[in-house]
Every structure is written in C-alpha cells, then in structure tokens.
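Peer 1: Just passing along the structure, written as structure tokens.
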Amino acid sequence: MWTRLRNGLLPVALTLLIGLSIVLSLLIWINPARFDRARTATSSTRSTHSTVSTRSIDDIYLPTQVIVTDSHGHAESIYNPKINLVTTVKNEVKNWRMTNFRKVSQKDKDAYQKLLNQKNTVQLSYADNIGRSIFNSSYDQRLLMSPTAKFSRILFSTTKPGELYLLNDNDLTIYKISVSKQQLSKVRRVIAEGDKRYPVEQITSKDHTLTYYTNEVHIPKYSYLIGEQSANFFVTSLLNSGEATSVSVQRHDGHTIYFDGAYKRMTVNDKTGAVMFENYNAKNSISRDLGRNLKTSFAGLSSTGMPLDSVRYFDNENNGREVTYRSFVEGFPIFNQTDFGAVQVKNKKSGTEEIDFTLTNLQVPLPTDSNSNVTLPATSTVMAQLEAAGVSKNKIKDIVLGYQWENNYDSKQVVDLQPTYYVYTSGKWQLYTDLLNGGGTQ
C-alpha cells in the first residue's frame, strides 16, 4: 500500500515543484522590481568564489566585428545572434598555415583605402591594436615578425587564396602574409549565415580609420540583472593570494581600504563599488612587443578573479602599459559602467601595477519584447550634427556604436543598456548627445 501511495504522490509533488519554479521565473522576468523587494540585499547581490568562470586569453583578445565586402564593393558588418561569427571565422583562420611576414606599405592613405575597399574580402576587426604575441597564440602560428609590429585588422580574400593582410589603422601600415591550407569555401558558408547585416563605409584619414554605418541602424535595447561581488572576495584574490598574510582595514571619507603591509592596497568606494588595487612591488617587465605587454595586462586582469564572461579587450595606451577592458553585449561595447570601463590595468614605470574595476557585473539578461529596437541615425548624420554643434571633425579619432549603462529606476538589481553612439575626442570617450548638448569636452 505504501508503495502505491508513494508512486502516486511523487508525480504530484514533482508537478507542483515544476509549476512553482515556472511561476517564480515568470515573476522575475515580468517584474524584476518585485523580485528585488522580495529578496534580502545580501542574498540578492552576492556572488561566491565558485560562480566565477575562468576565461582564456583568446576569449578576451577577440575581434569585435566581421566586415564583409561583396563582389560589387559593398561592405557590411555582419552578425548572427545564434552563432558567434567572429569566433567561427577566427577558428577557420587558425587552421591555415602562415609564413613570410613582410611590410608592404606605411602611411600610404590611397593604398590603405584601396585594400579596405577590395572586393570579395573578409575583415576580422579588433577594437584596438594587438601585437605578434597575441596574434601567434590566438591563431596557432609561429610567424617571425618585428616586435614593434601592431595591427587591428585581419583581411583576406574569399576567392583568391594564398595571402592575408594585417592592417594598422593608426599609421596606415599594411603587412602581408603568405597563406596555405586555406579552405575558403568554409569561410563563405560561415559568412552566409550572417542574417543581420549593417551596411558600412570605412573612411581613412592620416592617423585613423572610421567605420561609418551608412543607413539608420536598428539595435535592441536590453535589461540585465546585476550582481555584486563582496569586497572580501577580492581581498582573498588580490591581497591574500593563498598566502598567510594578515590584512588590515581602515575606513576613511566613504572608502574602505585594505592593505597587507607595504606592497599591496585595495581601496573600495563604499557608495559606487569602484575598486582600485595597487601592487607597489609588481615590477612587471615592459616590452617593445605590444602583444607581450597585453599578456602581462591579462595576467593582472585574471588575478582579480572577477567574472569575465562578457569582458573583452577594448583599447590600450602607451604600447599596452595601460589597457582597458569593457563588457560587450552582442558585439557592442558597454560604456558608463564606470569612468574607465569594466576593468583597467596599468603597469607604471615605477614598477607599480594598478587595477581599477567594480564590484558590480552583468549576470542574467531579462526578456525584452520584439519592439525593443532603438533606431539610431547613420554615422554621417551624427558627424554632421557634431560638426554643427562645434565639434571639430579633425578632433574625432573614433566613433562607435555601443550601449550606455543606465540604472533602472524600478529596481537596484537591474541595469538598462541603451543603444547609442560614443565618440573618442579630447582624449576620452563621450556620449554623442552630450557633445551635441554642449555637455561634453570639445
């Protein structure tokens, strides 16, 4: 009798549990503000060490765009929300055999523009320059190249095998590589799966290249649940590092300061969650090889132990001594998460390593309706508006589509990501509408 009763109750209990799980999930999706009030502050925002995922250096130093130029010379930035086209094309290139690296031109605007406009080509475009160490490790190669070589674009033909180009937008340098063992038919199949296509035009000036979106762009906005690591988590990762080191704590002017003696200090802004970690005895070697410096920076990034699932390389200064990493969503960078990005790693001449980051990170995307797309003007329209507002075109070093991190008014656990343009001018990234309204630095 007990067996029959148990066999009857188990399916009922299981059904009830599944139903309860579905109801709770719907409540979270439909009304995150209600979800926020229902949970305690501690349980809702704290992540533990076990939830942190590790990311390889190849995951962080990835291209950000695939740009395809067809047989008519029309260029498009392509994307597929179901397939990571960047990684798929990159993995195809990894299978090729590369030799004979050489420089073919430098500071030749016409040659550079001609190559960018070449028909039947694919570009893997990085957010900023990489160097030989990153390239060789990312693409499984052993190319002999100058330690000072750096580039932000990889370009090759989809119909003409045997060659590949590396391009540096800053000084318009073109490097050429001989390639064998290509299977271009596989690449053509991959790029055919790019179901979202944004027409673009690449415009070269004497010291940079801008990618213009030639039509209005329709990009979805997103909302995310956010999480917050505890400061103690990073004390363990950065100050203790598995060693039996005593950590002292001080509180001063809205900041909590942790230090392990003379060499390491971590300062947390109690209001914003911004963190600055300083290691005064890091003594990281600085190289002429940008790629090697980027690897050193990655070691600093990894040492934090923070979640890196959406974090990617964004830019560098001083040949990789100062590197900024941003969170990316659907291939577009997020701005306004902090003053500097998601993480910034600085290796100073004094031997000090500084890592700036935040306790807050993206966790779970919330469902959005099909009408959530935001329409942004063509890049040429934005540039014309900026010029009319008094922003000199010559001072604009870059302009990108990205997301603005905005706090949600209904829930502290939710952040809204609003599509927009960001402009690099006067030495920093600025929201284009701020520049139009006179609120930016021109």
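Peer 1: Against the definition (among the aliphatic types (A, V, I, L, M) and open to solvent by 30 Å² or more (accessible area, probe 1.4 Å)), how does residue 149 come out, yes or no?
Peer 2: Details: among the aliphatic types (A, V, I, L, M): yes; open to solvent by 30 Å² or more (accessible area, probe 1.4 Å): no.
No.
Peer 1: In this structure, is residue 306 in contact with a Phe, Trp or Tyr (Cβ under 8 Å, 6 or more places away or on another chain) and part of a strand (DSSP E or B)? Steps first, answer last, please.
Peer 2: On the way: in contact with a Phe, Trp or Tyr (Cβ under 8 Å, 6 or more places away or on another chain): yes; part of a strand (DSSP E or B): no.
For residue 306, the condition - in contact with a Phe, Trp or Tyr (Cβ under 8 Å, 6 or more places away or on another chain) and part of a strand (DSSP E or B) - is not met.
Peer 1: Could you list, in sequence order, all residues of the stretch 199-224 that are touching a strand residue (DSSP E or B) at 6+ places or on another chain (Cβ under 7 Å), open to solvent by 30 Å² or more (accessible area, probe 1.4 Å) and over 24 Å from residue 367 (Cα atoms)?
Peer 2: Result: 199, 201, 203, 214, 215, 216.
Peer 1: Tell me whether the stretch 176-199 contains one or more residues that are within 22 Å of the chain's Cα centre (by Cα), of a type in the set (Ser, Thr, Tyr) and under 14 Å from residue 63 (Cβ atoms).
Peer 2: Scanning the stretch 176-199, I find no residue that is within 22 Å of the chain's Cα centre (by Cα), of a type in the set (Ser, Thr, Tyr) and under 14 Å from residue 63 (Cβ atoms), so the answer is no.
Peer 1: Hey, among the residues in the stretch 305-314 that are at pLDDT below 95 and not hydrophobic (A, V, I, L, M, F, W, C), which one's nearest to residue 329 (Cα to Cα)?
Peer 2: Across the stretch 305-314, the extreme among qualifying residues is 310.
Peer 1: Please go through (1) open to solvent by 50 Å² or more (accessible area, probe 1.4 Å); (2) at pLDDT 95 or above; (3) small (Gly, Ala, Ser) for residue 241 and return the number of the only condition it doesn't satisfy.
Peer 2: (2)
Peer 1: Quick one: residue 320 ticks every box in (1) touching a Lys or Arg at 6+ places or on another chain (Cβ under 9 Å); (2) open to solvent by 20 Å² or more (accessible area, probe 1.4 Å) except a single one, so which number is it?
Peer 2: (2)
Peer 1: Quickly run through the stretch 424-435 and pick out the residues that are in contact (Cβ under 8 Å) with a residue 40 or more places away in the chain, of a type outside the set (Ser, Thr, Tyr) and either under 28 Å from residue 363 (Cα atoms) or open to solvent by 20 Å² or more (accessible area, probe 1.4 Å) (or both). Spell out the reasoning first.
Peer 2: Here is the first cut: in the stretch 424-435, the residues in contact (Cβ under 8 Å) with a residue 40 or more places away in the chain are 429, 431-432, 435.
Filter again for of a type outside the set (Ser, Thr, Tyr), leaving 429, 431, 435.
Within the stretch 424-435, 429, 431 meet the criteria.
Peer 1: I'd like the full set of residues that are open to solvent by 30 Å² or more (accessible area, probe 1.4 Å) and not in a strand (DSSP E or B), limited to the stretch 339-351. Please lay out each step first, then the result.
Peer 2: First pass over the stretch 339-351, keeping only residues open to solvent by 30 Å² or more (accessible area, probe 1.4 Å): 339-340, 346, 348-350.
Correct list: 339, 340, 348, 349, 350.
Peer 1: Taking the stretch 271-315 on its own, how many of its residues are among the small types (Gly, Ala, Ser) and touching a Pro at 6+ places or on another chain (Cβ under 8 Å)?
Peer 2: Taking the stretch 271-315 and keeping what is among the small types (Gly, Ala, Ser), we get 273-274, 282, 285, 287, 291, 297, 299-300, 302-303, 305, 310.
Going one step further and asking which of them are touching a Pro at 6+ places or on another chain (Cβ under 8 Å), we end up with 287.
Matching residues across the stretch 271-315 total 1.
Peer 1: Could you pull out every one of the strands (runs of 3 or more DSSP E) wholly within the stretch 352-409 that has 2 or more residues that are open to solvent by less than 30 Å² (accessible area, probe 1.4 Å) and either in contact with a helix residue (DSSP H, G or I) (Cβ under 8 Å, 6 or more places away or on another chain) or of a type in the set (Lys, Arg) (or both)? Spell out how you get there, then give the answer.
Peer 2: Numbers: elements: 353-358, 360-366, 373-376, 398-407.
Those strands (runs of 3 or more DSSP E) span 353-358.
Peer 1: Another question, then. For the stretch 233-242, state whether one or more residues are in contact with a Leu (Cβ under 7 Å, 6 or more places away or on another chain), at negative phi and aromatic (Phe, Trp, Tyr).
Peer 2: So the first thing to find is which residues in the stretch 233-242 are in contact with a Leu (Cβ under 7 Å, 6 or more places away or on another chain), and the list is none.
Scanning the stretch 233-242 turns up no residue that is in contact with a Leu (Cβ under 7 Å, 6 or more places away or on another chain), at negative phi and aromatic (Phe, Trp, Tyr).
Peer 1: Scan the stretch 359-378 and tell me whether some residue there is among the hydroxyl-bearing types (Ser, Thr, Tyr) and at pLDDT 95 or above.
Peer 2: Yes, some residue in the stretch 359-378 is among the hydroxyl-bearing types (Ser, Thr, Tyr) and at pLDDT 95 or above.
Peer 1: Here is a check on your reading of the model: is residue 396 within 25 Å of residue 171 (Cα to Cα) and either out of contact with any Pro (no Cβ under 8 Å at 6 or more places or on another chain) or of a type outside the set (Gly, Ala, Ser) (or both)?
Peer 2: Yes: the conditions hold for residue 396.
Peer 1: Still on this structure, please answer the following. Could you say whether any residue in the stretch 249-264 is in contact (Cβ under 8 Å) with a residue 40 or more places away in the chain, assigned to a strand (DSSP E or B) and crowded, with 19+ Cβ neighbours inside 10 Å? Outline the logic, then answer.
Peer 2: We begin by selecting, within the stretch 249-264, every residue in contact (Cβ under 8 Å) with a residue 40 or more places away in the chain; these are none.
No; the residues of the stretch 249-264 include none that is in contact (Cβ under 8 Å) with a residue 40 or more places away in the chain, assigned to a strand (DSSP E or B) and crowded, with 19+ Cβ neighbours inside 10 Å.
Peer 1: Continuing with this model, one more query. Please specify each residue of the stretch 403-423 satisfying the condition of being within 22 Å of the chain's Cα centre (by Cα) and free of Cβ contacts under 8 Å to residues at least 12 places away in the same chain.
Peer 2: 407
Peer 1: When the stretch 162-196 is examined, which residues are found to be of a type in the set (Gly, Ala, Ser) and open to solvent by less than 10 Å² (accessible area, probe 1.4 Å)? Spell out the reasoning first.
Peer 2: We begin by selecting, within the stretch 162-196, every residue of a type in the set (Gly, Ala, Ser); these are 162, 178, 180, 185, 192, 194.
Answer for the stretch 162-196, where residues must be of a type in the set (Gly, Ala, Ser) and open to solvent by less than 10 Å² (accessible area, probe 1.4 Å): just 194.
Peer 1: Quick check on the stretch 285-297. Is at least one of its residues basic (Lys, Arg), in a strand (DSSP E or B) and crowded, with 16+ Cβ neighbours inside 10 Å?
Peer 2: For the stretch 285-297, residues basic (Lys, Arg), in a strand (DSSP E or B) and crowded, with 16+ Cβ neighbours inside 10 Å: absent.
Peer 1: Determine, yes or no, whether residue 328 is open to solvent by 10 Å² or more (accessible area, probe 1.4 Å), part of a loop (DSSP other than H, G, I, E, B) and hydrophobic (A, V, I, L, M, F, W, C). Before the answer, list the steps.
Peer 2: Numbers: open to solvent by 10 Å² or more (accessible area, probe 1.4 Å): yes; part of a loop (DSSP other than H, G, I, E, B): no; hydrophobic (A, V, I, L, M, F, W, C): yes.
Against the criterion (open to solvent by 10 Å² or more (accessible area, probe 1.4 Å), part of a loop (DSSP other than H, G, I, E, B) and hydrophobic (A, V, I, L, M, F, W, C)), residue 328 does not qualify.
Peer 1: Is it the case that the stretch 99-113 has a residue that's without any contact (Cβ under 8 Å) to a residue 12 or more places away in the chain and open to solvent by 40 Å² or more (accessible area, probe 1.4 Å)?
Peer 2: Filtering the stretch 99-113 for residues without any contact (Cβ under 8 Å) to a residue 12 or more places away in the chain gives 110.
Subsequent filtering for residues that are open to solvent by 40 Å² or more (accessible area, probe 1.4 Å) retains 110.
Yes: one or more hits.
The values are calculated or read from the model by the stated rules, or taken from the named source; none is laboratory data. Just so it is clear, the model here is predicted, and its values are computed rather than measured. Don't worry about glycine lacking a Cβ; one is built from the backbone with ideal geometry, like all the others, and counts go over all protein chains shown. Each accessible area value is taken on the protein alone, full model and side chains, heavy atoms only, with ligands, DNA and RNA left out. Shrake-Rupley method; radii C 1.70, N 1.55, O 1.52, S 1.80 Å.
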